[in-house]
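Undergrad: What follows is a structure written as structure tokens; I'll ask about it next.
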Amino acid sequence: MRKLKRFAWNISFGFGVLMLVAPAISVFLWMLSLSLKTELDNTDFPPVFIPNPPVLDNFIAVFERNDFVKYAINSVIVSFTATGLAILFGVPAGYGIAKMRATNAAVVILIARITPGLSYLIPLFLLFQWIGLTGTLAPIIVTHLVITVPIVVWIMIGFFEGLPAELEEAALVDGATIWQAFRHVAMPLARPGITVATILAFIFSWNNFIFAMVLAGRETRTLPVAVNNMLTFEQISWGPLSAAALLVTAPVLLLTLLAQKQIVAGLTAGGVKGG
């Protein structure tokens, strides 16, 4: 009887997971199909799912219509810088909030985390326009910190709250400063949390569209903006648009697949405690 219940639970759980991921997988496969077909095949009715034969013209069109390599370099610079700064400032901030049990500060971080980034766009745009930085990478990096820092801080608060306080107290008794206890005791133990925070911050930064769309110049656009550039007033070219979306999604998808064990281990270890 117990085996039967367990089997029924596994079937129910598998079906639930399938229902949740099926729409995303279907959209991704359809986007892949559109990118490998000609524009004539993409407008056929009834639609043809499997390209026959598959073509790479849409991917070539992406590089011909956009300076895709330059946009990719801009995205790498912005995402890596924003993620690095978020870790640099967010990890110590999370440690301080956790150890001081600063509940009010944690609530502020949570509010900043759930507030749409669009809410910050207009005042930040006016600020950067006033100091003459619009059209450069600097304002994009700064605005991405609005997204990445709250994510890092909130994740690290949960991790540091779950660490045994006895280890740090022992280090302090032995003569270590609070900074040394943080660096040599807390940080090594919180490495799974730092890994999760880094990955999530990078993904959110890489995928951000609105800040780069408004603040970037012609030479400083990022990859999500390149996808938008595939839209024209005459018609929507579904093939090149899908190809561009796949090229932008590929790095994040590969990163997620390669680091899925670290993400699951980090989150189950308490990385989102209290979230």
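Undergrad: Is it true that some residue in region 66-84 is over 28 Å from residue 156 (Cα atoms) and either small (Gly, Ala, Ser) or in contact with a strand residue (DSSP E or B) (Cβ under 7 Å, 6 or more places away or on another chain) (or both)?
TA: Yes: region 66-84 contains one or more residues that are over 28 Å from residue 156 (Cα atoms) and either small (Gly, Ala, Ser) or in contact with a strand residue (DSSP E or B) (Cβ under 7 Å, 6 or more places away or on another chain) (or both).
Undergrad: What residue, among those in region 162-184 that are of a type in the set (D, E, K, R) and open to solvent by 80 Å² or more (accessible area, probe 1.4 Å), is nearest to residue 96 (Cα to Cα)? Give the steps one after another, and end with the answer.
TA: Going through region 162-184, the residues of a type in the set (D, E, K, R) turn out to be 166, 168-169, 174, 183.
After this cut, where a residue has to be open to solvent by 80 Å² or more (accessible area, probe 1.4 Å) as well, the list is 166, 169, 174, 183.
On the way: 166: 17, 169: 15, 174: 21, 183: 12 Å.
Within region 162-184, the match that is nearest to residue 96 (Cα to Cα) is 183.
Undergrad: Residue 18 fails exactly one of the following numbered conditions: (1) more than 30 Å from residue 146 (Cβ to Cβ); (2) touching a helix residue (DSSP H, G or I) at 6+ places or on another chain (Cβ under 8 Å); (3) open to solvent by 90 Å² or more (accessible area, probe 1.4 Å). What is the number of that condition?
TA: Answer for residue 18: the failing condition is (2).
Undergrad: A further question follows. From the set of residues in region 98-135 that are open to solvent by 40 Å² or more (accessible area, probe 1.4 Å) and aromatic (Phe, Trp, Tyr), which is nearest to residue 220 (Cα to Cα)?
TA: By that ranking, first place goes to 125.
Undergrad: Something else about it: What is the one condition in (1) open to solvent by 20 Å² or more (accessible area, probe 1.4 Å); (2) under 23 Å from the mean Cα position of the chain (by Cα) that residue 94 does not satisfy?
TA: Residue 94 satisfies every listed condition except (1).
Undergrad: Still on this structure, please answer the following. Select, from 94, 132, the only residue that is out of contact with any strand residue (DSSP E or B) (no Cβ under 8 Å at 6 or more places or on another chain), modelled with pLDDT of 80 or more and not in a helix (DSSP H, G or I).
TA: Working: 94 fails: not in a helix (DSSP H, G or I).
Unique residue meeting the criteria: 132.
Rundown of residues vs (1) under 19 Å from the mean Cα position of the chain (by Cα); (2) part of a helix (DSSP H, G or I); (3) on the phi > 0 side of the Ramachandran plot, yes/no style:
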position	(1), (2), (3)
153	yes, yes, no
156	yes, yes, no
160	no, yes, no
167	no, yes, no
180	no, yes, no
185	no, yes, no
217	no, no, no
221	yes, no, no
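Undergrad: Can you go through 156, 187 and tell me which one is touching a residue at least 60 places away in the same chain (Cβ under 8 Å), surrounded by fewer than 22 Cβ atoms within 10 Å (Cβ to Cβ) and farther than 30 Å from residue 242 by Cβ?
TA: Working: 156 fails: surrounded by fewer than 22 Cβ atoms within 10 Å (Cβ to Cβ).
Of 156, 187, the one residue that is touching a residue at least 60 places away in the same chain (Cβ under 8 Å), surrounded by fewer than 22 Cβ atoms within 10 Å (Cβ to Cβ) and farther than 30 Å from residue 242 by Cβ is 187.
Undergrad: Filter region 31-76 down to the residues that are part of a loop (DSSP other than H, G, I, E, B) and among the aliphatic types (A, V, I, L, M), then identify the one that is surrounded by the most Cβ atoms within 10 Å (Cβ to Cβ).
TA: Step by step, filter region 31-76, then rank; the result is 36.
The values are calculated or read from the model by the stated rules, or taken from the named source; none is laboratory data. Being a predicted model, the structure only gives us computed values, none of them experimental. Neighbour counts run over all protein chains shown; Cβ positions are idealised from the backbone, glycine included. All accessible areas refer to the heavy atoms of the entire protein, side chains included, with ligands and DNA or RNA removed. Shrake-Rupley method; radii C 1.70, N 1.55, O 1.52, S 1.80 Å.
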